[in-house]
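What follows is a short report on a single structure.
The values are calculated or read from the model by the stated rules, or taken from the named source; none is laboratory data. From a predicted model like this one, the values you see are computed outputs, not experimental measurements. Positions of Cβ are generated from backbone atoms using ideal geometry, with glycine treated the same way; all protein chains shown enter the neighbour counts.
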């Protein structure tokens, strides 16, 4: 696993921390068969700790989220599996606070590490949004996205 140069811990925000091909194949399997088994990760342990089965009905709208979701937008588009691609974001300070509260409540890492990591991610957020936009994701605020997702689900 890649490690953060600044913090010396596993860097779950590094592209090498995930298996892009496996994620793409899992989404394709879920869409085409309605069922897929995926790994369950424990961020505090920095490893997969099990698996879970996801299911979907033929007309369900499947939402793939996460820092790397935009990386597979072009492939999903080519495969005819993409209804829409959005980079949902808030003001960087809001994201920082929400991430810190979540990470502290889940005891993902020591508090000082979480603060340092959160501040680094907050500084990098504008570049992350630009990168996701370059990959085909449309920047959007969560409060404006629900009607658009509802319209996509009705297709």
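Figures for the structure shown
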quantity	calculated
Subset of region 117-127 [touching a residue at least 40 places away in the same chain (Cβ under 8 Å) and buried (at least 16 other Cβ atoms within 10 Å of the Cβ)]	117, 121
Qualifying residue in region 87-94 (condition: touching a helix residue (DSSP H, G or I) at 6+ places or on another chain (Cβ under 9 Å), free of Cβ contacts under 8 Å to residues at least 24 places away in the same chain and in a loop (DSSP other than H, G, I, E, B))	no
Residue match in region 100-113 (condition: under 23 Å from residue 62 (Cβ atoms), touching a helix residue (DSSP H, G or I) at 6+ places or on another chain (Cβ under 7 Å), crowded, with 16+ Cβ neighbours inside 10 Å and touching a residue at least 24 places away in the same chain (Cβ under 8 Å))	no
Positions within region 136-155 being in contact with a strand residue (DSSP E or B) (Cβ under 9 Å, 6 or more places away or on another chain) and assigned to a loop (DSSP other than H, G, I, E, B), in sequence order	137, 141
Count of region 56-68 residues which are touching a helix residue (DSSP H, G or I) at 6+ places or on another chain (Cβ under 9 Å) and either within 18 Å of residue 146 (Cα to Cα) or at pLDDT 90 or above (or both)	8
Test: residue in region 71-81 that is in contact with a strand residue (DSSP E or B) (Cβ under 6 Å, 6 or more places away or on another chain), buried (at least 16 other Cβ atoms within 10 Å of the Cβ) and under 27 Å from residue 153 (Cα atoms)	no
